[in-house]
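Student: Here's a structure for you.
Each value in this text was obtained by applying a stated rule to the coordinates, not by laboratory testing. Here the structure is a predicted model, which is why all the values come from computation and not from measurement. When we count neighbours, we look across all protein chains shown, and the Cβ atoms used for this are built from the backbone with ideal geometry, even at glycine.
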Amino acid sequence: MSAPDFYFAVNAIFRHLHERYGHEALVDCWQSLAREYDRRRIEAWRSGGPAAVADDWRAYFAREPQAEVDVLLGEDRVELVVRVCPAIKHLRDHGRDVVPYFCEHCDHTCGVLASEAGYTFTRTGGMGSCRQQFVPRPAP
């Protein structure tokens, strides 16, 4: 992303799709975007293991203005501690009405990235700060 005004468009697109086509269509959009657009990330996570996941997120948030995020690499997981979500902060700082389901996009996009790369994904919190965990699934 790297361009904070993009957050305005994202919020508006989420609202438009939700109001016009419904929640299920919005979720499908998020999941499809992750499968199609982030294919390279999925492959890198799968082949590089948790260290690749952590490096990817560090690089991602380094490009996001005003992000305050710790990326923690543990023995059995990667955890993102999002103290300040750059998107929510930018939208609020500019008086935008943040759609109440905004943070669900992380559940669905990250959920697909994680699942297809061999991880489970969980998020707690939201609307400005959260914790996200990526845990490798045991090999079958």
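Student: Report, to one decimal in Å, the Kirkwood hydrodynamic radius for region 6-136 based on all distinct Cα pairs. All intermediate terms of the calculation are to be shown ahead of the outcome.
Tutor: Values: mean 1/r = 0.0660 Å⁻¹.
Hydrodynamic radius (Kirkwood, Cα only) of region 6-136 equals 15.2 Å.
Student: Once every DSSP H run of n ≥ 4 in the chain is given -39500 (n - 2.57) and the sum is divided by its residues, what mean residue ellipticity at 222 nm do you get, rounded to the nearest 500 deg cm²/dmol? Don't jump to the answer; show the numbers that get you there.
Tutor: Working: 5 runs with 77 residues, N = 140.
Dividing the helical sum by the residues of the chain leaves -18000 deg cm²/dmol.
Student: Evaluate E = 1/(1 + (r/R0)^6) for residue 8 and residue 137, where r is the Cβ-Cβ distance and R0 equals 30 Å; express this FRET efficiency to the nearest 0.05. Before the final figure, lay out the partial values.
Tutor: Details: r = 36 Å, r/R0 = 1.21.
So, using R0 = 30 Å, E works out to roughly 0.25.
Student: Can you give the FRET efficiency for residue 120 and residue 67, using 1/(1 + (r/R0)^6), R0 = 30 Å, r = Cβ-Cβ distance, to the nearest 0.05?
Tutor: Working: r = 24 Å, r/R0 = 0.79.
That gives a FRET efficiency of 0.80.
Student: Modelled label-to-label distance, residue 24 and residue 92, 7 Å Cα→beta-carbon offset: nm?
Tutor: Modelled inter-label distance: 3.4 nm.
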